[in-house]
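What follows is a set of notes on a single structure, which appears directly below.
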Amino acid sequence: MEAMPLTVEIWSDVVCPWCYIGKRRFEAALRSFEHAGEVEVTWRAFELDPEAPAAHDLPPAERLAAKYGMTVEQAAASHAQLTELAAAEGLEYHLDRTRGGNTFDAHRVVALAAERGLGEAAMERIMRGYFTESEAVGDHETLVRLVADAGVDPEAARSVLAGDAYADAVRADELLGARMGIRGVPFFVLDRRYGVSGAQPAELLVQALDTAWAAAQPDAA
């Protein structure tokens, strides 16, 4: 009997530091998963702060402190810890220089990219732009340039950002996530049967993939 593909949906935000770490850990899990070639990954939109302006005026540590009711020193310590965890996954974070802002439009251009088979590449490029290169992901021309690096036609991206294309797709992702009870990201949904919350270690993600695969292929050898 031919094996059925295993679907993995990943709810994520492009400015979520744990999401980029989770992306790397999931990639590591896939490298260890025997049936990686049968996994179909879909990135789903999630906004950490839907009310965020296009650009923030406050420095990153002050933004974090204000949002979570901590001191600036505690926020800076959190940034340092995340930077260390990211480095362990081969990621270079500069959280003290991030240029935060509303991510709804970033999710719209990722949806455009996904329609062209470039969703993962666009997500990766925008995340790297934000965390490593201090790019302003709320700025339209910045988004056009970043997704162009991922292979998306810049004029197509510019056209999307000039209107409201893919807005419904982003809202649909967010509504679906809310209906599933997803309140934080990253969140991995395997075959709409199993959920994994957070940037879990690769070993745990491999276990989840194995479990979901076995459940989907009860007659597989």
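The values are calculated or read from the model by the stated rules, or taken from the named source; none is laboratory data. Just so it is clear, the structure is predicted and the values come from calculations on it, not from any experiment. Here the Cβ positions follow ideal geometry from the backbone for every residue, glycine too, while neighbour counts run over all protein chains shown.
Answer yes or no: is there a residue in region 177-188 that is in contact with a helix residue (DSSP H, G or I) (Cβ under 8 Å, 6 or more places away or on another chain), over 13 Å from Val14 (Cβ atoms) and either part of a loop (DSSP other than H, G, I, E, B) or in contact (Cβ under 8 Å) with a residue 12 or more places away in the chain (or both). Scanning region 177-188, I find at least one residue that is in contact with a helix residue (DSSP H, G or I) (Cβ under 8 Å, 6 or more places away or on another chain), over 13 Å from Val14 (Cβ atoms) and either part of a loop (DSSP other than H, G, I, E, B) or in contact (Cβ under 8 Å) with a residue 12 or more places away in the chain (or both), so the answer is yes. If you go through region 131-173 and keep only what is under 18 Å from Tyr93 (Cβ atoms) and out of contact with any Gly (no Cβ under 8 Å at 6 or more places or on another chain), you end up with Phe131, Thr132, Glu133, Ser134. Identification of helices (runs of 4 or more DSSP H) wholly contained in region 67-146 with 2 or more residues that are assigned by TED's automatic domain parsing to the domain that holds Cys16 and under 27 Å from Ala157 (Cα atoms) yields 104-115, 119-131.
The numbered conditions (1) part of a helix (DSSP H, G or I); (2) in the same structural domain as His140 (by TED's automatic domain parsing); (3) under 28 Å from Gly181 (Cβ atoms) are all true for Trp43 except (1). Scanning region 130-145 for residues that are closer than 15 Å to Pro53 by Cα and either within 17 Å of the chain's Cα centre (by Cα) or free of Cβ contacts under 8 Å to residues at least 40 places away in the same chain (or both) yields a total of 4.
Only one of the numbered conditions (1) within 20 Å of Tyr93 (Cα to Cα); (2) surrounded by fewer than 16 Cβ atoms within 10 Å (Cβ to Cβ); (3) not acidic (Asp, Glu) is not met by Ala28, and that is (2).
Have a look at Leu209, Leu161 and point out the one that is over 19 Å from Ser32 (Cα atoms), of a type in the set (A, V, I, L, M), in the same structural domain as Ala111 (by TED's automatic domain parsing) and surrounded by 15 or more Cβ atoms within 10 Å (Cβ to Cβ). Steps first, please.
Details: Leu209 fails: over 19 Å from Ser32 (Cα atoms).
Sole residue among the options that is over 19 Å from Ser32 (Cα atoms), of a type in the set (A, V, I, L, M), in the same structural domain as Ala111 (by TED's automatic domain parsing) and surrounded by 15 or more Cβ atoms within 10 Å (Cβ to Cβ): Leu161.
Would you confirm, using the coordinates I've provided, whether Val15 is outside the structural domain of Arg179 (by TED's automatic domain parsing) and either of a type in the set (A, V, I, L, M, F, W, C) or touching a Lys or Arg at 6+ places or on another chain (Cβ under 8 Å) (or both)? Taking the combined requirement at face value, the residue does not satisfy it. Identify, by number, the condition in (1) among the β-branched types (Val, Ile, Thr); (2) within 15 Å of Val8 (Cα to Cα); (3) in contact (Cβ under 8 Å) with a residue 60 or more places away in the chain that Val196 doesn't meet. Exception for Val196: condition (3). Across region 1-40, the number of residues qualifying as basic (Lys, Arg) and assigned to a loop (DSSP other than H, G, I, E, B) comes to 0. No other residue among Leu91, Leu6 is crowded, with 20+ Cβ neighbours inside 10 Å, more than 24 Å from Arg183 (Cβ to Cβ), out of contact with any Gly (no Cβ under 6 Å at 6 or more places or on another chain) and not charged (D, E, K, R) apart from Leu6.
Gly100 meets the stated requirement of being surrounded by 14 or more Cβ atoms within 10 Å (Cβ to Cβ), under 17 Å from the mean Cα position of the chain (by Cα) and in contact (Cβ under 8 Å) with a residue 60 or more places away in the chain.
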